[in-house]
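A quick write-up on the structure given underneath.
The values are calculated or read from the model by the stated rules, or taken from the named source; none is laboratory data. Here the structure is a predicted model, which is why all the values come from computation and not from measurement. Backbone-built Cβ (ideal geometry, glycine too); neighbour counts: all protein chains shown. These area figures cover heavy atoms from the full protein model, side chains too; ligands, DNA and RNA do not enter into them. Shrake-Rupley method; radii C 1.70, N 1.55, O 1.52, S 1.80 Å.
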Amino acid sequence: MADQEKAKADATKIEIMSAAQIHLVVATLLITVTFAAGFTLPGGFDNDPNSPNKGMAILIRKTAFRAFVVSDVIAFMCSAGAVFTYFLMADYSRGPVEDRVLEKLYDVSGLLQHLALISVVIAFVTGMYATLAHSLGLAITVVVISCISFFVYLWVIFKLGSA
């Protein structure tokens, strides 16, 4: 009986770590994208050599731009937290560890990745709105289309919950 329990525990450990490898790739891509977005800000930078604001973001006073920056930072930090948690999982999995420890770490990293994905969508929407604000019709169209992903995500969650 103990051999069956050990085999089941080993199978669970392998399953969790295999899924974590795929999620680690996604989290790393999110870090890369959010890092790049932080340095290539929507609207660009003031490059007038005589301006006292040289090097500053052009859209700094726009509310949508500020929302972009905050959501991008949240996405970056959540993705980084997920990557760190996956590394911690890898370290723990090398030795004898209870499955529930790996499961908890996996759950934490999954939550962080969900928050990062939501924040990336918000960053995209607010960044697009900030740069397209002069064409209000186009800006609203982009925002509406982008927000559909939230409804699709909620629909999938609802369908999985009722299945």
* Protein accessible area in the chain, 1.4 Å probe - carbon and sulfur % -> 71
* Relative contact order for segment 31-163: what is it in percent, counting Cα pairs under 8 Å that are at least 6 residues apart? -> 26
* Nonlocal Lys pairs with alpha-carbon distance under 26 Å, the chain (8 or more apart, or different chains) -> 5
* Give the angle, between 0 and 90 degrees and rounded to the nearest 10, that separates the Cα long axis of helix 63-93 from the longest principal axis of the Cα atoms of the chain. => 20
* Asked: In the full protein assembly as shown, how much of ARG100 is accessible to a 1.4 Å probe, in Å² to the nearest 10?
  -> 140
* Structure fact -> Output ordering of 37-50, 149-162, 73-86 (per-residue mean of other Cβ within 10 Å, highest first) is 73-86, 37-50, 149-162
* Acute angle (nearest 10 degrees) that the helix 136-162 long axis makes with the longest principal axis of the chain, alpha-carbon atoms -> 10
* Structure fact -> By the Kirkwood definition, with r running over pairs of different Cα atoms, the chain has a hydrodynamic radius in Å of 18.3
* How would you rank 20-29, 104-113, 133-142, 54-63, highest first, on the average number of other Cβ atoms within 10 Å across their residues? -> 104-113, 20-29, 54-63, 133-142
